[in-house]
Amino acid sequence: VMALAEEAATARGWPNKQLNWTDIIGQGGANLNIGMVDPSVDAVGVSALIAVRGVTALTSDPAANTVAVLRKLSPNAASGASELFSKTNPSAGTQPLTAFPTSEHALLDNNTKRKDEQLVAVYPDPAAPSLDYPYAVLPTATNEVGIAAAKFRSAMLTPAVQEPLAANGLRFPDGRVPGTPPADNRTVIRQLRPVPAPRTADLDQVLNTWAGISRASRIQAVIDVSGS
């Protein structure tokens, strides 16, 4: 999701209006200070890049608009999500962030712990690749370890384990919010069907675009001032 400061969300018609990413990274978000987490270290950043490309694909000039959005995000790139949350505080000495991509779970956790800095979840349309917790068994594991890992994985997928996880702000694998939904109305409780991971070619493309935009550069101009 895109975490949007509640004051900025209210100014854009929330909660009477269902906001989307166009309201933030489009012309409607011209006065927003938007942050970004480094996609080379955090899956949230990768998912956000794919989401940006999905939103700008609906515009008249997708390539140019993608670059324009990423140029706006790159000055506020952070190495971790916690750094972005800390920059929403107006007393930090710099211009506070008013929006940045994060997980729905992290946003709910922020709203529980930081009552004075509430954030509204804005969902991308088209939807972004879902965040999950991959489970991998190393190929070097012994047979006994492999069996134990398989049993542990099966146990983690049982309702007895999924219910407590869901109670802490995580969705079921199918995108449902189980049991009693969070009291925080700043997120949606409808089912959000998971979006598969992007293809390798698409992933390489967005990461290369981001690298090209965020890389520092120097330009030397040579001007001929002779009479000719």
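Couple of notes before you dig in:
- Highest mean packing first, where packing is the average number of other Cβ atoms within 10 Å per residue, the peptides 6-17, 77-88 line up as 77-88, 6-17.
- Average Cα contact separation per residue, the chain, under 8 Å, 6 or more apart, as relative contact order %: 26
- Counting 0.36 nm for each residue step from Met156 to Ile219 and taking away their Cα separation leaves a gain of 17.3 nm.
- GNM top mover of Ala57, Ala160, Ala68 - the chain, alpha-carbon springs below 10 Å: Ala160
- Secondary-structure-derived ellipticity at 222 nm for the chain, considering helices only, amounts to -11500 deg cm²/dmol, per-run term -39500 (n - 2.57) for DSSP H runs with n ≥ 4.
- Backbone amide hydrogens, once placed in the peptide plane, bring Ala78 within less than 5 Å of Met36, Val37, Asp38, excluding anything fewer than 5 places away on its chain.
- Each 10 Å bin from 0 upward holds the following percent of the Cα-Cα pairs of the chain: 7, 28, 32, 19, 9, 3, 1, 1, 0.
- Bridgeable aspartates and glutamates around Lys17 (alpha carbons under 20 Å apart, same-chain partners fewer than 8 residues away excluded): Glu6, Glu7, Glu104, Asp125, Asp184.
- Prolate/oblate/rounded label for the stretch 124-228 (Cα gyration tensor, a/c 1.5): oblate
- Normalised alpha carbon radius of gyration of the stretch 133-178 [divisor 2.2 N^0.38 Å]: 1.38
- In range of the label at Arg71: residues from the stretch 44-59 whose backbone nitrogen is under 11 Å from the point 7 Å along Cα→Cβ: none
- Within the shell of other residues whose beta carbon sits under 15 angstrom from the beta carbon of Arg171, the net charge comes to -3, with Lys and Arg scored +1 and Asp and Glu -1.
- Within the accessible surface of the chain, defined with a 1.4 Å probe on protein heavy atoms only, the carbon and sulfur portion equals 56 percent.
- Whole-number percent relative contact order across the stretch 1-110, with pairs defined as alpha carbons under 8 Å at least 6 apart: 40
- Cα gyration tensor shape for the stretch 1-99, rounded if a/c is under 1.5, else prolate or oblate: oblate
- Percentage relative contact order, the stretch 149-206, counting C-alpha pairs under 8 Å, at least six apart: 22
- Gyration tensor verdict on the stretch 39-141 (Cα atoms; rounded if a/c is under 1.5, prolate if a/b is larger than b/c, oblate otherwise): oblate
The values are calculated or read from the model by the stated rules, or taken from the named source; none is laboratory data. Worth saying up front: this structure is predicted, and the values here are computed from it rather than measured. Cβ atoms come from the backbone with ideal geometry, glycine included; neighbour counts cover every protein chain shown. For accessibility, only protein heavy atoms count, side chains too; no ligands or nucleic acids. Shrake-Rupley method; radii C 1.70, N 1.55, O 1.52, S 1.80 Å.
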